[in-house]
Amino acid sequence: MRVRGNYYAELESEAHSLLAAVGYAGGPVSQQLISNIAEKLGFTLHYVNDLPHSTRSVIDRRNKRIYLGTSLPSRDARAPILRALASLVCRHEEPSSYGEFLRQRVEANYLAGAVLLPELAATALLNEAKKRREISMEDLRDAFGVSYEMAAHRFTNLATTHLDLDVHFMKVHESGTLIKAYENDGVRFPSDALGNLEGAMVCRNWTARTVFSQPDLFNPWYQYTDTSEGGTYWCTSRVEKAKEGQYSVSVGVPFDAVKWFRGRETPHRSRSFCPDERCCRKASDVLTKKWAPSAWPEAATPTSLLAALPTGTFPGVDAHEVYGFLEGHERNSV
Ligand SMILES: [Zn+2]
């Protein structure tokens with residue numbers, strides 16, 4: 001993703017063809033247009049309340065049906081449908097390795113973003129904003145009626161190729177855990193001993209974490225952060241709620257590029273010395289002296305370690321449950 005500037009020309013062109021086939025003429029992409037795309041591909045959509053727990057959608061290629069859960073908020077049903085359709089458009093077959101499984105997920109997410117924030121329309125809006133020095137993730141989100149996370153992620157697809165900007169993106173859980181990350185601007189993400197980014201703890205002084213302590217969580221938050229290794233970055237961050245709690249989504253750029261963004265006049269500044277543990281990991285000497293002899297915490301075992309993932313063709317998906325589900329629906333439909 002970094003080598004390509006997070007831009008996939010072949011998926012952009014697939015998205016463009018899908019939209020052209022249903023007569024997209026600009027603005028937000030409606031749920032109706034998405035249904036029309038499914039129809040063009042020969043599939044019908046079925047909302048059911050017994051979708052297997054381990055899935056977001058299930059495609060029945062035999063009967064040309066796409067099953068989706070009914071608990072989705074209607075506005076956001078577009079992205080899951082598109083992710084499901086992506087497997088058809090990108091001709092995904094059963095993944096033969098975990099790497100291929102991940103690549104298919106990246107492509108499915110990319111295609112969903114590329115359809116909901118079409119390249120030409122989104123780039124025009126961003127270039128116009130750049131001219132005014134008012135690039136804003138909120139404006140992008142509002143223009144296409146998508147989530148902040150989708151807008152921010154889509155921005156990273158277009159920023160380097162079309163706006164000549166190197167950027168970074170992160171999604172961080174309120175506990176401080178890094179969930180998703182992308183960069184081509186040299187920012188140094190935290191990682192574990194094996195180099196994994198996901199699950200690493202993000203510096204408490206970074207925008208992605210300071211945003212949680214703001215009194216108004218649902219307004220944009222801007223901050224400059226001096227890092228010990230890579231100079232100064234400016235980031236904008238926003239908190240969104242999910243089932244698993246709150247998480248922040250952040251987009252940032254090196255200091256030189258901030259002139260193109262709304263929020264550059266922010267007075268908020270912070271410094272990070274991580275990975276030096278004296279930055280934000282180690283308790284103060286005073287508190288350590290006071291509490292070290294008498295504190296005895298019991299660690300909470302991460303639930304991800306307890307939940308043994310079902311194994312099989314699709315990691316994390318229970319094939320037993322999925323096949324039973326398809327069998328039942330096929331029987332009901334004849
Ligand atoms: Zn730190």
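The values are calculated or read from the model by the stated rules, or taken from the named source; none is laboratory data. Since we're looking at a predicted model, the values are computed, not measured. Neighbour counts are summed over all protein chains in view; Cβ atoms, including those assigned to glycine, are modelled from backbone coordinates with ideal geometry.
Numbers at a glance
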| quantity | calculated |
| --- | --- |
| From the options Leu117, Leu140, Leu126, Leu165, residue that is within 16 Å of Met1 (Cα to Cα) and in contact with a helix residue (DSSP H, G or I) (Cβ under 8 Å, 6 or more places away or on another chain) | Leu165 |
| Total residues in the range 49-81, condition of a type outside the set (S, T, N, Q) and buried (at least 16 other Cβ atoms within 10 Å of the Cβ) | 16 |
| Long-range neighbours under 7 Å by Cβ, at least six apart or interchain, first residue closer than 18 Å to Lys40 by Cβ within the range 5-24, second aromatic (Phe, Trp, Tyr) | Leu11/Tyr110 |
| The range 277-297 - residue that is within 16 Å of the ligand (Cβ to nearest atom) and exposed (fewer than 12 other Cβ atoms within 10 Å of the Cβ) and, of those, farthest from Asp192 (Cα to Cα) | Ser284 |
| Pairs where the first residue, in the range 200-212, is farther than 16 Å from Glu277 by Cα and the second is part of a loop (DSSP other than H, G, I, E, B) and more than 7 Å from the ligand (Cβ to nearest atom), C-beta under 8 Å, 6+ apart | Ala208/Val202; Arg209/Gly176; Arg209/Val202; Thr210/His268; Val211/Leu217; Phe212/Glu174 |
| Tally, over the range 188-211, of residues that are closer than 18 Å to His268 by Cβ and under 18 Å from the mean Cα position of the chain (by Cα) | 5 |
| First in the range 268-289 and under 30 Å from Phe255 (Cβ atoms), second anywhere and more than 8 Å from the ligand (Cβ to nearest atom) and assigned to a loop (DSSP other than H, G, I, E, B), Cβ under 6 Å, 6 or more apart | Phe273/Ser228 |
| Residue check, Ser17 farther than 26 Å from Ala181 by Cα and of a type in the set (Ser, Thr, Tyr) | yes |
| Test for Phe43: is it within 19 Å of His329 (Cα to Cα) and either outside the structural domain of Tyr182 (by TED's automatic domain parsing) or in contact with a strand residue (DSSP E or B) (Cβ under 8 Å, 6 or more places away or on another chain) (or both) | yes |
| Meets criteria (closer than 16 Å to Pro254 by Cβ, touching a residue at least 24 places away in the same chain (Cβ under 8 Å) and in contact with a Ser or Thr (Cβ under 8 Å, 6 or more places away or on another chain)) for Arg188 | yes |
| Condition check for Glu119: acidic (Asp, Glu) and surrounded by fewer than 17 Cβ atoms within 10 Å (Cβ to Cβ) | no |
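Yes or no, residue by residue, for (1) out of contact with any strand residue (DSSP E or B) (no Cβ under 6 Å at 6 or more places or on another chain); (2) over 23 Å from Lys282 (Cβ atoms):
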| position | (1), (2) |
| --- | --- |
| Arg204 | yes, no |
| Pro215 | yes, yes |
| Tyr224 | no, yes |
| Glu229 | yes, no |
| Cys235 | no, yes |
